[in-house]
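Encoded as structure tokens, the structure appears first; notes follow it.
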Amino acid sequence: MNLYGSLLLGVVVLGTLACGGEKKKETGEVGKSEKQRQLVMVDTLVLKKRVFQKQIVCNGKLRAVCKSDLGFAGSGVITEINGINGGYVKKGAVLAALDNKEALVELEKSRRAMERANIDLQDKLIGQGYSVDTTAVPPLILRNMKISSGYDNAVDQLEAAKRRLEGCYLVAPFSGRIANLDAKVHDRFANKLCTLIDDSYFDVEFSILEAEIEEVAQNQRVKIIPFINDKKTFYGDVTEINPLIDDHGQVKIRARVRNADRYLIEGMNVKIVLEREVKDSFVVPKDAVVLRDGFQVIFCYRDGKAVWTYVDVVMSNIDSHVITGSEKKQTSLSENDVVIISNNLNLADGTDVTPNNRK
């Protein structure tokens, strides 16, 4: 072999060795990547029987226990308004007033008429030989004298005049907050001045299904959560259960809630949660149950692997399921089974997993 051939052979050998080294290095990195991909970190829960809060969740609307549309008994020009929308007033406070000039004149005329009738009655008593002390006058004679003297009519007219003057003032029948106040001073009163709402307590009406009626009882505690802020929770009690199932297969329920911090408002939409304790239940987070081939399954952790286990979900609440072994697949659950509760959406039976925790 000449010098040129020897040089060519050396280049080929070196190139072969170099390619072999890179392939070995690449193969090693691929193996490392595959191992990393197979490492699935999961959270786990040790299965124990415990109390489950069975829940019925409904929607409802708040209605004030005491609410009234207020207005004057008569008509006239508004001369005074004491309050604003949202303002709080106490029972007996004067909310507004009408021009009372004519009512005052009528009252004065009625008082004078009363005085005249009283004088006429006394004259008749004296003329019949009685004293002005009517206690000694026979009832029938006294009644006839009061009618003939105009005394009874004067009494009725005076009472009517007093009521008319009182009607010029709108008084709060109970303590509460003013709403729907649109009138202004100098407006002529027509129909309704405002609405008064006692917002210390609210009733909330909601409906449950016929199948859920056994889950509700008189005086049962309920949670009431406003839609606008699910961090706020109020507690009330069932006050009424309507003994009638409507055409939609539902039963109306009413509960009462105390507006402790004046946060609740008339007409507010709320979520109602009724709870009942169910003892000796296997309870898991909702995320622990997934669907496989149309069946509900959980993955149990055994010897470093995820084991596919069929289950039945027998009841649920907002965040948890009560599970049992699958009747159709004839599986069972036992206390101290370790259930995978995270990173389980893409797991398959026998997948290698590593637990983060044991709860």
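The values are calculated or read from the model by the stated rules, or taken from the named source; none is laboratory data. Treat the numbers as computed from the prediction; the structure is a model and nothing was measured. All Cβ positions, even for glycine, are placed from backbone atoms using ideal geometry, and neighbour counts span all protein chains on display.
Listed by first and then second residue, the pairs with beta-carbon distance under 6 Å, at least 6 apart or on different chains, first residue in segment 249-268 and free of Cβ contacts under 8 Å to residues at least 60 places away in the same chain, second assigned to a strand (DSSP E or B) and hydroxyl-bearing (Ser, Thr, Tyr), are 250/207; 252/207; 254/239; 258/201.
I want to confirm something. Restricting to segment 185-225 and keeping residues that are in a strand (DSSP E or B) and of a type in the set (Lys, Arg), which single residue is farthest from residue 275 (Cα to Cα)? Looking at residues that are in a strand (DSSP E or B) and of a type in the set (Lys, Arg), I get 188. Applying the condition of being in a strand (DSSP E or B) and among the small types (Gly, Ala, Ser) to segment 276-331 and asking which residue is farthest from the chain's Cα centre (by Cα) yields 306.
Do we have residue 177 as modelled with pLDDT under 90 and touching a strand residue (DSSP E or B) at 6+ places or on another chain (Cβ under 7 Å) here? Here the answer is no, as residue 177 does not meet what is asked.
Select from segment 50-100 the residues that are more than 18 Å from residue 173 (Cβ to Cβ), small (Gly, Ala, Ser), touching a Leu at 6+ places or on another chain (Cβ under 9 Å) and not in a loop (DSSP other than H, G, I, E, B) and list them in ascending order. Within segment 50-100, 76 is the sole residue that qualifies. Scanning segment 148-160 for residues that are over 13 Å from residue 122 (Cα atoms) and either surrounded by fewer than 16 Cβ atoms within 10 Å (Cβ to Cβ) or not aliphatic (A, V, I, L, M) (or both) yields 152, 153, 156, 157, 159, 160. Please work out which residue is modelled with the highest pLDDT, limiting yourself to segment 29-59 and to residues that are surrounded by fewer than 15 Cβ atoms within 10 Å (Cβ to Cβ) and among the acidic types (Asp, Glu). Taking the candidates together, the pick is 34. Applying the criterion of being touching a Ser or Thr at 6+ places or on another chain (Cβ under 8 Å) and not in a loop (DSSP other than H, G, I, E, B) to the residues of segment 246-275, the residue that is farthest from residue 58 (Cα to Cα) is 258. Residues considered: 161, 103, 113. Of these, the only one that is over 45 Å from the mean Cα position of the chain (by Cα), assigned to a helix (DSSP H, G or I) and touching a residue at least 60 places away in the same chain (Cβ under 8 Å) is 103. Look at (1) touching a strand residue (DSSP E or B) at 6+ places or on another chain (Cβ under 8 Å); (2) without any contact (Cβ under 8 Å) to a residue 12 or more places away in the chain and you find that residue 119 fails only one, number (1). Scanning segment 60-86 for residues that are within 30 Å of residue 269 (Cβ to Cβ) and surrounded by fewer than 13 Cβ atoms within 10 Å (Cβ to Cβ) turns up 69, 84, 85, 86. Taking segment 234-245, which residues are surrounded by 12 or more Cβ atoms within 10 Å (Cβ to Cβ) and assigned to a loop (DSSP other than H, G, I, E, B)? Correct list: 242, 245.
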